[in-house]
Amino acid sequence: MPRQVRDSAARDERGAVALTVVGLIVPFLLIGAFVVDLGMAYAQAQAFASGADSAALAVAREKQDDMNEKPTTLTNCGALLADDPDAARAGETARRQVQANRPFDLSEDDITVNVRLACVPVNGGPAGSGVLKVTVDVTREVPTALGKVAGVDSIRAARTGNAGVSGARRVGGVFPLAICDKQANAIRANPTATTTIETDKVWQPGCATGNAGGGNGGGNNGGGNNGGGNGGGNNGGGNGGGNNGGGNGGGNNGGGSNSGAGNWGWLDCGATNNSTQGLADRIRNGCTLPPLAGNPASVQMGGQPGNRDNAGPVRDAMQDKVGDSLAFPVYDLVTSQGSGAEYRVVGFITLKIIAITNGEVTVQYQAYSPTAEFDGSCGLGAGCASYNVTAVGLIG
């Protein structure tokens, strides 16, 4: 081929390559622009994650507080939804939390926060007695830096946080004195009053739903829930006596057959708990009970017989707890007596100890939940007797 022809062909090839490179510059620039813009959007979305989670937890804790402060009306998940039908209060709480955690010095108007509340049924039960689920969506339209070249003005950055409120199957630092469910129900029904728990009368027939017989409310006029009648006097009601009371062992505090002799409500909640000093240690440091199991949830706990308050170490430990708010186990059935007593614990109630005098513990309901493990299988209003001890946690 003549040299002139070869030079011309080479110039043509170099020109074609140059045109190709020029033609690819724009797509490469666009790709680079999208990479930069997508990276910025992703970074902001990641930054929203902590805000979404913390906002969901804040709303869940607020609903937990509402439930504890209104124990006679907010008794289940459905009641919580009805109390905030449009999630308006929940939305305000979530927005405050998100703004407190907002990234990149964004203004309030830059971020959109939406809150959804729902009741999730558990164990095949109704949704209204299920677990409260709080969902918080945090979004922002992130302006593009270079994407405008391709007509893309913004990229959405979004994160979702989910939290829940459930009944409690496990609670830390439990006070090792069990109270019957009827007494716990009475305390919850009148949360502003003080109530005296007599450790030497903590177990009486009729005080717990699962135990029939005499009563827990006799007093000097006898009687009780299922027991004697109106005229018992100092000898109280009995095993179903009539209007004139009578019976076995009622005493100043109402009906009863005295068949629970030796049951004082103290729980054996630790390997070192059988001694007086062991019980004193559990009073000071709290018990760790096995988690409630089943539906309805419960756990069997052995009891410690005898009037433990007579012992100096126990009495001193109890005095040290005056003024504290503690989770008390609640039982609905006790079987056998003395060292063979078994309590069926069905839930927990937080009470503030006001005073302790001669074995009598004066308490008041507290709108406070101690540390409890969130359990998505433990609903609010069914399956678990939550009283005022509920659990909050993130839901995956």
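The values are calculated or read from the model by the stated rules, or taken from the named source; none is laboratory data. Here the structure is a predicted model, which is why all the values come from computation and not from measurement. As a convention, Cβ positions derive from the backbone with ideal geometry for all residues, glycine included, and neighbour counts pool all protein chains shown.
Looking at the stretch 349-396, which of its residues are over 12 Å from the mean Cα position of the chain (by Cα) and at positive phi?
Asn358, Gly359, Gly381, Gly383
Is at least one residue of the stretch 381-394 without any contact (Cβ under 8 Å) to a residue 60 or more places away in the chain and surrounded by 15 or more Cβ atoms within 10 Å (Cβ to Cβ)?
No; the residues of the stretch 381-394 include none that is without any contact (Cβ under 8 Å) to a residue 60 or more places away in the chain and surrounded by 15 or more Cβ atoms within 10 Å (Cβ to Cβ).
The rows are residues; the columns are (1) within 30 Å of Cys269 (Cβ to Cβ); (2) modelled with pLDDT under 90; (3) out of contact with any Phe, Trp or Tyr (no Cβ under 7 Å at 6 or more places or on another chain).
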residue: Leu117; (1), (2), (3): no, no, yes
residue: Asn123; (1), (2), (3): yes, yes, yes
residue: Pro126; (1), (2), (3): no, no, yes
residue: Lys133; (1), (2), (3): no, no, yes
residue: Glu141; (1), (2), (3): no, yes, yes
residue: Lys148; (1), (2), (3): no, yes, yes
residue: Ile155; (1), (2), (3): no, yes, yes
residue: Gly172; (1), (2), (3): yes, yes, yes
residue: Phe175; (1), (2), (3): yes, no, no
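From the residues in the stretch 94-114 that are in a helix (DSSP H, G or I) and aliphatic (A, V, I, L, M), which one is modelled with the lowest pLDDT?
Only one residue tops the list, namely Ala100.
For the stretch 250-297: of the residues being among the polar types (S, T, N, Q), assigned to a loop (DSSP other than H, G, I, E, B) and closer than 16 Å to Pro176 by Cβ, which is modelled with the lowest pLDDT?
Thr272
Could you grab me the full set of residues in the stretch 48-93 that are closer than 13 Å to Leu132 by Cα, under 16 Å from the mean Cα position of the chain (by Cα) and assigned to a loop (DSSP other than H, G, I, E, B)?
If the condition is that a residue be closer than 13 Å to Leu132 by Cα, under 16 Å from the mean Cα position of the chain (by Cα) and assigned to a loop (DSSP other than H, G, I, E, B), then Leu74, Thr75, Asn76 are the ones that fit.
Pull up the stretch 354-378, narrow it to residues that are at pLDDT 90 or above and farther than 16 Å from Gly265 by Cα, then point me to the one that is surrounded by the most Cβ atoms within 10 Å (Cβ to Cβ).
Ranking the candidates gives Tyr365 first.
Can you pull out every residue in the stretch 301-331 that is at pLDDT below 90 and in a strand (DSSP E or B)?
Met301, Gly302, Gly303, listed by residue number.
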